[in-house]
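Colleague: Starting off with a structure, shown below.
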Number of protein chains: 2
Amino acid sequence: MKGFKIPEATISRLSVYSRYLESLYRKGITTVSSADIAQGVGVTSAQVRKDLAYFGEFGTRGVGYNVKELLDHTLKILGLNNTWNMVVVGAGNLGSALCAYRGFRERGFYIVGVFDNDLTKIGKKINEYEVLPIDHLEEVVRENNVEIGIIAVPAAYAQDVATRLVKAGVKGILNFAPTVLNIPDKIIVRSVDLTVNLEVLTFNIRRD
Amino acid sequence: MKGFKIPEATISRLSVYSRYLESLYRKGITTVSSADIAQGVGVTSAQVRKDLAYFGEFGTRGVGYNVKELLDHTLKILGLNNTWNMVVVGAGNLGSALCAYRGFRERGFYIVGVFDNDLTKIGKKINEYEVLPIDHLEEVVRENNVEIGIIAVPAAYAQDVATRLVKAGVKGILNFAPTVLNIPDKIIVRSVDLTVNLEVLTFNIRRD
């Protein structure tokens with residue numbers, strides 16, 4: 001797949017399909033059509049077939065897909081055939097919401113440390129996680145082979161946290177701070193900007 | 001623009017450009033080149049020009065864009081030439097983080113009510129917002145001309161909340177629950193799925 005441009009929207013949908021396939025697998029369902037997947041996740045079946053075609057030939061005409069096989073393929077494509085260790089930096093409301101989110105673990109994402117620089121937060125528990133002082137960040141990242149850092153601090157601190165995460169050795173950053181991070185190209189960054197999401201919404205409302 | 005397909009990624013970047021232009025305007029800067037915008041937000045200048053071209057002719061060759069004019073254009077395109085009233089349903093960690101987020105108000109998004117069905121949360125204050133019982137949802141939406149509902153409840157409750165929001169009259173929903181909502185086509189929905197975001201990240205890490 002390397003060097004082959006796959007639309008980001010396709011990857012996002014693949015993640016959604018994959019979780020839908022997982023729910024079918026758990027129910028003991030063994031085959032599924034593109035129409036079933038489409039209905040289950042709310043897209044067209046042409047879209048499902050087009051998205052899956054990026055990754056090779058799946059399924060048998062008139063029979064559909066083998067659920068387990070397609071699930072395994074999607075997990076492999078998404079890099080989920082192994083688990084991922086993550087750290088969360090920022091133990092405010094957003095960091096706390098992330099620590100409480102059960103969906104991560106189900107897909108093999110494990111939070112191994114939560115950090116803050118606020119003395120009133122350090123030592124407190126968020127779910128099963130004790131908030132650690134930010135000074136321990138590098139050590140925890142190295143000792144646990146952490147590949148993903150989640151930034152949930154105010155914008156003013158985000159660049160500093162990103163620089164530390166990169167130096168400590170993470171390969172990817174999920175950034176919730178509303179700021180553009182200046183980091184090396186080899187590090188994958190994905191920003192979750194709540195205002196952008198709202199403005200795509202208002203664009204579409206006004207357009208209608 | 002109606003009927004003309006504009007990539008969602010373009011709208012997302014337009015939101016980012018718009019906020020960058022706002023920061024320039026506040027600093028008293030009157031003209032800007034596509035290269036300046038590109039550098040300020042971390043994309044290529046070709047990308048900036050391509051994105052803006054969807055919406056007409058802006059700027060003068062060799063001179064650049066008038067900051068105020070381009071800012072006003074972007075705000076209008078994004079539907080931000082007026083303000084938007086919103087409600088947040090769910091007063092847990094995520095709902096609290098949303099209420100504390102300052103970026104919304106700066107762009108004209110006003111939270112006018114925060115709701116929960118949990119008696120231990122109702123009546124408590126999150127920033128300046130008192131958590132209201134969910135029974136008051138419809139009344140608050142109608143009386144305040146609320147057009148956007150934000151769903152920050154567990155997945156199991158999301159569909160019920162969405163149905164109530166639509167019935168009360170919202171035009172758009174920002175959904176943080178990891179579930180597909182079944183609602184009428186005329187309502188714009190945007191889902192912020194944290195697992196999808198992580199999986200796009202891991203896809204790109206493994207791909208590298």
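Colleague: Here are some conditions: (1) assigned to a strand (DSSP E or B); (2) within 12 Å of another protein chain (Cβ to nearest Cβ). B:Asn197 meets all but one. Which one does it not meet?
Modeller: With (1) assigned to a strand (DSSP E or B); (2) within 12 Å of another protein chain (Cβ to nearest Cβ) applied to B:Asn197, the lone miss is (1).
Colleague: Related question: Could you tell me which residue of region A:41-100 is least open to solvent (accessible area, probe 1.4 Å), considering only residues that are of a type in the set (Asp, Glu) and more than 30 Å from A:Val141 (Cβ to Cβ)?
Modeller: A:Asp51
Colleague: Might you check whether a residue that is closer than 18 Å to A:Ile122 by Cα and more than 8 Å from chain B (Cβ to nearest Cβ) occurs anywhere in region A:72-88?
Modeller: Yes, there is a match, as at least one residue in region A:72-88 is closer than 18 Å to A:Ile122 by Cα and more than 8 Å from chain B (Cβ to nearest Cβ).
Colleague: Suppose we filter B:Glu147, B:Glu138, B:Glu130 for residues that are out of contact with any Asp or Glu (no Cβ under 9 Å at 6 or more places or on another chain) and surrounded by 16 or more Cβ atoms within 10 Å (Cβ to Cβ); which single one remains?
Modeller: B:Glu147
Colleague: Still on this structure, I have one more. Can B:Ala162 be described as small (Gly, Ala, Ser) and open to solvent by 50 Å² or more (accessible area, probe 1.4 Å)?
Modeller: Taking the combined requirement at face value, the residue does not satisfy it.
Colleague: Just checking, how many residues over region A:19-34 are in contact with a Lys or Arg (Cβ under 7 Å, 6 or more places away or on another chain) and touching a residue at least 40 places away in the same chain (Cβ under 8 Å)?
Modeller: Qualifying residue count for the region: 1.
Colleague: Right, something else. Going residue by residue through region B:104-121, is there one that turns out to be surrounded by 19 or more Cβ atoms within 10 Å (Cβ to Cβ), within 14 Å of chain A (Cβ to nearest Cβ), part of a strand (DSSP E or B) and in contact (Cβ under 8 Å) with a residue 40 or more places away in the chain?
Modeller: no
Colleague: While we're on this one: When region A:1-31 is examined, which residues are found to be assigned to a helix (DSSP H, G or I), among the hydrophobic types (A, V, I, L, M, F, W, C) and within 10 Å of chain B (Cβ to nearest Cβ)?
Modeller: Answer for region A:1-31, where residues must be assigned to a helix (DSSP H, G or I), among the hydrophobic types (A, V, I, L, M, F, W, C) and within 10 Å of chain B (Cβ to nearest Cβ): A:Ala9, A:Ile11, A:Leu14, A:Val16.
Colleague: Given the structure, is B:Ala168 open to solvent by less than 50 Å² (accessible area, probe 1.4 Å), touching a helix residue (DSSP H, G or I) at 6+ places or on another chain (Cβ under 7 Å) and closer than 30 Å to A:Ile187 by Cβ?
Modeller: Considered against the rule, which asks whether it is open to solvent by less than 50 Å² (accessible area, probe 1.4 Å), touching a helix residue (DSSP H, G or I) at 6+ places or on another chain (Cβ under 7 Å) and closer than 30 Å to A:Ile187 by Cβ, B:Ala168 comes out as no.
The values are calculated or read from the model by the stated rules, or taken from the named source; none is laboratory data. Given the structure is predicted, the values throughout are model-derived calculations rather than measurements. We place every Cβ from the backbone using ideal geometry, glycine too, and count neighbours over all the protein chains shown. Side chains are part of the model used for accessible areas, which takes the heavy atoms of the whole protein and leaves out ligands, DNA and RNA. Shrake-Rupley method; radii C 1.70, N 1.55, O 1.52, S 1.80 Å.
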